[in-house]
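Take a look at the structure set out below.
Bear in mind these aren't lab numbers, they're just calculated from the coordinates by the rules spelled out. Note that this is a predicted model, so its numbers are computed, not measured. Here the Cβ is made from the backbone with ideal geometry for all residues, glycine too, and neighbour counts use every protein chain on show.
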Amino acid sequence: MLIGEVIGNVWATKKYEGLEGQKFLIIKTEDGKRMVAVDPVGAGIGEMVIIATGGAARTVYNMKDRPVDAAIIGIIDGMEE
Amino acid sequence: MLIGEVIGNVWATKKYEGLEGQKFLIIKTEDGKRMVAVDPVGAGIGEMVIIATGGAARTVYNMKDRPVDAAIIGIIDGMEE
Amino acid sequence: MLIGEVIGNVWATKKYEGLEGQKFLIIKTEDGKRMVAVDPVGAGIGEMVIIATGGAARTVYNMKDRPVDAAIIGIIDGMEE
Amino acid sequence: MLIGEVIGNVWATKKYEGLEGQKFLIIKTEDGKRMVAVDPVGAGIGEMVIIATGGAARTVYNMKDRPVDAAIIGIIDGMEE
Amino acid sequence: MLIGEVIGNVWATKKYEGLEGQKFLIIKTEDGKRMVAVDPVGAGIGEMVIIATGGAARTVYNMKDRPVDAAIIGIIDGMEE
């Protein structure tokens with residue numbers, strides 16, 4: 001999984017069927033790239049999150065057989081290194 | 001998912017079976033790379049889109065068991081950061 | 001999918017079972033990297049092609065349950081940007 | 001698979017359902033990037049490990065249909081080059 | 001698939017269940033990165049090989065439902081460019 005920060009929302013009125021109403025968040029990952037993820041845990045802007053990519057995103061509730069490839073799976077409270 | 005801009009079309013008369021008639025769009029992603037995606041939402045050149053990659057593309061209508069790995073899943077109206 | 005140019009063949013007498021006789025082409029992708037793909041459409045050296053990667057390659061005829069991760073799915077006639 | 005070093009833990013009180021209680025480790029891979037992985041083998045901080053990514057992570061015990069994309073699959077004792 | 005050279009072995013006494021006894025080879029890919037792969041074809045150190053990544057690795061004999069994401073699928077005899 002990747003570590004990233006939720007930096008915004010992306011609005012898309014025209015979406016693929018089954019994704020209507022689905023919120024898409026913009027994530028900035030640790031290597032400075034941006035990606036878009038669905039959010040089944042309710043993360044807010046500015047929060048650090050864990051993101052699962054690939055087929056993992058389709059295991060999320062309501063996303064089975066939906067064309068999504070990234071999902072927030074946890075909101076980070078802290079890291080110990 | 002990735003954010004990208006539709007920058008053109010790619011023409012391929014000779015395609016793998018089952019992909020005949022399928023339109024392929026050229027997308028420029030935010031890191032400056034080009035990729036090709038199928039488009040089930042009807043995006044046009046110059047539009048910013050959300051692209052799902054990997055197995056997600058095969059969940060799109062008519063793409064089940066087709067060799068595609070990227071699909072446009074939304075047309076971006078705006079981003080709030 | 002990726003855009004690339006077929007630049008050669010790779011010969012491998014010793015292959016995993018089920019891949020004997022399978023032709024492998026060397027592709028140079030747009031970012032200058034080389035990859036190897038199976039070719040169900042009959043592309044030739046010097047041709048520009050569309051390549052699908054990941055599980056998509058296993059949807060190709062005769063490749064079900066075979067360890068391949070890239071397949072040529074179209075021969076490019078032209079691009080309009 | 002990738003080679004990496006376990007460099008820490010990431011704490012996330014709010015996780016996707018089914019991942020509660022799941023420990024997430026921070027791995028630094030050989031190219032200097034950080035990733036997060038589940039750990040079914042019991043690796044400790046400072047240990048070099050082998051990490052499997054993608055759908056492979058969901059084959060791990062208790063991770064079936066869970067949104068995870070990286071798992072530690074071995075603790076490295078040594079490398080011979 | 002990727003082209004790489006087998007450069008060594010990685011030893012891991014503690015492995016995920018079902019991978020005990022499985023040999024892991026270290027591969028240096030053409031872009032200079034190292035990866036670890038299972039080897040169902042019997043490649044030796046110094047040999048150039050073709051590597052399939054992702055779910056493809058789990059189609060290999062005995063690797064079904066095992067957490068592996070890379071497998072050597074051919075030993076390269078030559079390349080013609």
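Shortest first and in nm with one decimal, please list how far the C:GLY42 label point sits from its counterparts in the other copies (point 7 Å along Cα→Cβ).
Output for C:GLY42: 3.6, 3.7, 5.9, 5.9 nm, nearest copy listed first.
Grab the other residues whose beta carbon is less than 12 angstrom from that of C:GLY44, score K and R as +1, D and E as -1, and report the net. Please report the intermediate quantities before stating the final value.
Numbers: positive: B:LYS14, C:LYS23; negative: C:GLU5, C:ASP39, C:GLU47.
With Lys, Arg at +1 and Asp, Glu at -1, the net is -1.
Post the alpha-carbon centroid distance, the stretch C:1-17 to the stretch B:1-39, in whole angstrom.
Centre-to-centre (Cα) distance: 22 Å.
For the protein assembly as shown, take the convex hull of the Cα atoms, compute a quarter of its surface area, and give me that in nm², please.
17.8 nm²
So the label point sits 7 Å from Cα along the Cα-to-Cβ vector; using that for B:GLU5, what distances do you get to the other copies, in nanometres, sorted shortest first?
For B:GLU5, the other copies' label points sit at 2.6, 2.6, 4.1, 4.1 nm, shortest first.
Between D:TRP11 and residues 5 or more places away or on another chain, which pairs have amide H atoms under 5 Å apart, with H built 1.01 Å from N, and which residues are they?
A:ASP77, A:GLY78, A:MET79, A:GLU80
Rounded to whole Hz and in sequence order, give me ³J(HN,Hα) for the stretch D:9-25 from the Karplus expression 6.51 cos²θ - 1.76 cosθ + 1.60, θ = phi - 60°, writing x for Gly and Pro.
Values, residue by residue: 10, 10, 9, 9, 5, 8, 10, 5, 3, x, 10, 4, x, 6, 7, 10, 9 Hz.
With only alpha-carbon pairs counted, each pair once and no self-pairs, how large is the Kirkwood hydrodynamic radius of chain D in angstroms?
Evaluated over chain D, this radius sits at 12.8 Å.
For C:ASP69, what charge total do you get from the other residues with a beta carbon under 12 Å from its beta carbon, if Lys and Arg give +1 and Asp and Glu give -1?
Working: positive: C:ARG58, C:ARG66, E:ARG58; negative: B:ASP69, E:ASP69.
Taking every Cβ under 12 Å from that of C:ASP69, the sum is +1.
Considering every residue in E:39-45, what mean count of other chain Cβ atoms within 10 Å of its Cβ is obtained?
Working: counts 1, 3, 6, 1, 1, 0, 2.
Rounded to a whole number, the mean comes out at 2.
Add +1 for every Lys or Arg and -1 for every Asp or Glu among the other residues with Cβ under 15 Å from the Cβ of C:GLY8, and state the total.
Within the 15 Å Cβ shell, the charges total -3.
What relative contact order, as a whole-number percentage, does chain E give when Cα pairs under 8 Å and 6 or more residues apart are counted?
Result for chain E is 31 percent.
Place +1 on the Cβ of every Lys and Arg and -1 on the Cβ of every Asp and Glu in chain E, take the dipole about the Cα centre, and give the residue among E:MET48, E:VAL68, E:GLY32 whose Cα lies farthest towards its positive end.
E:VAL68
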